[in-house]
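The values are calculated or read from the model by the stated rules, or taken from the named source; none is laboratory data. In this text, all values refer to a predicted model and were calculated from it rather than measured experimentally. Counting neighbours? That spans all protein chains shown, and the Cβs are built from the backbone with ideal geometry, glycine included.
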Amino acid sequence: MDTIYSKLTKCHEAVRAITSFKPEIALVLGSGLGGYADEIDVEDAIDYSEIEGFPVSTVPGHKGRFVFGRVAGAPVVVMQGRVHYYEGYPIGDVVLPIRLMGMLGAKSLFLTNAVGAINRTFAVGGFMSIRDHILYGVPSPLIGPNIDELGTRFPDMSSVYDAGLRGAIAEAAGAIGVEIYDGVYIQTSGPNFETPAEIRAYESLGADVVGMSTACEAVAARHMGMRVCGISCISNMAAGISKTPLTHDEVQEMADKAAPRFKALVTESIKRIGG
Ligand code: HPA
């Protein structure tokens, strides 16, 4: 058995020894959504540190636990805190939690994050539904022996972000009067923010926003046949477009400011996705 899969099955067994909860939707909380637990009728919670072999995030402001419960009646598993490639974990560990949530039964994956806007028509504090992505300078999480138990060696990526789920997000935004853009997310390795020249390059590649997570998670989820959607919260204009140097504090502050609207958007979307 290959090592990633054996680690995954051990983590799966460890979670199943604690809870029998069966989620339909897996939700990954990005910056600013740490307080989303308020929106959940919590049934169970497991700290990542309780799961042997599970990668634990080192980023300030990212709590590390799974919360199991219901949002608008739908059974969800929520990742409060994710791990990033820049923390030094192998890419297989970075996506292990996503695969685990799929193994627990989640059919849909709802990704959230904070991003810098490359598209100059986007405004800080706004949101973007991810239409497609570019994985840039980050290895595919599928490199290595294929895990046949999860999916095929050469999975199709021509429609990673599910049209039905994106429709639910658009409807939710309309219903609560939140404007939402639609666009392409580029994932870089981080942890440094980009140079202005890199941002101009990413713009010419067709990216609207830039971040340091998410796309690799979407690839791992599609490999195992999960439906995927994602919403980005625009915490800053990207380097060279922003007039001031970028800081993690600024990202966190703007994401926190947008949090009430972000929470409402996610909950209204889940109401429409159902479970
Ligand atoms: N670049 C990369 N990641 C980010 C940014 C950014 O400007 N803002 C929030 N996450």
Assess whether Val56 counts as being free of Cβ contacts under 8 Å to residues at least 60 places away in the same chain and part of a strand (DSSP E or B). no
What are the pairs, 6+ residues apart or on separate chains, where a residue within region 118-146 that is at positive phi has its Cβ under 8 Å from a residue that is of a type outside the set (A, V, I, L, M) and assigned to a loop (DSSP other than H, G, I, E, B)? Gly137/Thr188; Gly137/Ser189; Gly144/Asp2
Only listed residue being crowded, with 24+ Cβ neighbours inside 10 Å and small (Gly, Ala, Ser), chosen from Ala197, Ala218, Ala163, Ala170: Ala218
Of all residues in region 103-143, how many are touching a strand residue (DSSP E or B) at 6+ places or on another chain (Cβ under 7 Å) and not in a loop (DSSP other than H, G, I, E, B)? 19
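For every residue, the table says whether it meets (1) of a type outside the set (Ser, Thr, Tyr); (2) within 27 Å of Gly164 (Cα to Cα); (3) touching a Pro at 6+ places or on another chain (Cβ under 6 Å); (4) surrounded by fewer than 18 Cβ atoms within 10 Å (Cβ to Cβ).
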position: Glu24; (1), (2), (3), (4): yes, yes, yes, yes
position: Leu27; (1), (2), (3), (4): yes, yes, no, no
position: Ser31; (1), (2), (3), (4): no, yes, no, no
position: Asp41; (1), (2), (3), (4): yes, yes, no, yes
position: Glu50; (1), (2), (3), (4): yes, no, no, yes
position: Gly64; (1), (2), (3), (4): yes, no, no, no
position: Gly81; (1), (2), (3), (4): yes, yes, no, no
position: Pro90; (1), (2), (3), (4): yes, no, no, yes
position: Phe110; (1), (2), (3), (4): yes, yes, no, no
Filter region 200-215 for residues that are surrounded by fewer than 24 Cβ atoms within 10 Å (Cβ to Cβ) and in a helix (DSSP H, G or I) and give the result. Arg200, Ala201, Tyr202, Glu203, Ser204, Leu205
For region 174-199, which residues satisfy the criterion of being among the β-branched types (Val, Ile, Thr), within 14 Å of the ligand (Cβ to nearest atom), in a loop (DSSP other than H, G, I, E, B) and under 18 Å from Ala114 (Cβ atoms)? Thr188
For region 248-275, which positions are hydrophobic (A, V, I, L, M, F, W, C), crowded, with 19+ Cβ neighbours inside 10 Å and within 18 Å of Ala173 (Cα to Cα)? Ala255, Ala258, Phe262, Leu265, Val266, Ile270, Ile273
Is it fair to say Thr9 is farther than 30 Å from Val251 by Cα and outside any loop (DSSP other than H, G, I, E, B)? yes
Quick one: how many residues across region 10-62 are of a type in the set (Ser, Thr, Tyr), at pLDDT 95 or above and under 18 Å from the mean Cα position of the chain (by Cα)? 0
Looking at region 165-173, can you tell me whether even one residue there is away from the ligand (no atom under 13 Å from the Cβ), charged (D, E, K, R), in contact with a strand residue (DSSP E or B) (Cβ under 7 Å, 6 or more places away or on another chain) and in a helix (DSSP H, G or I)? yes
Among the residues of region 221-247, how many are of a type in the set (Val, Ile, Thr), more than 13 Å from the chain's Cα centre (by Cα) and buried (at least 20 other Cβ atoms within 10 Å of the Cβ)? 1
For a quick check of your reading of the model, give me the residue pairs whose first member lies in region 200-212 and is within 13 Å of the ligand (Cβ to nearest atom), whose second is assigned to a helix (DSSP H, G or I) and not β-branched (Val, Ile, Thr), with beta-carbon atoms closer than 8 Å and at least 6 apart or on different chains. Val210/Tyr202; Met212/Tyr85; Met212/Tyr86
Out of (1) of a type in the set (Ser, Thr, Tyr); (2) farther than 22 Å from Pro75 by Cα; (3) away from the ligand (no atom under 14 Å from the Cβ); (4) in contact with a Phe, Trp or Tyr (Cβ under 9 Å, 6 or more places away or on another chain), the odd one out for Ser232 is which? (3)
Six or more apart or on different chains, Cβ atoms under 7 Å: show the pairs whose first residue is in region 242-262 and under 22 Å from Pro196 (Cα atoms) and whose second is modelled with pLDDT of 90 or more and more than 9 Å from the ligand (Cβ to nearest atom). Met254/Val124; Met254/Gly125
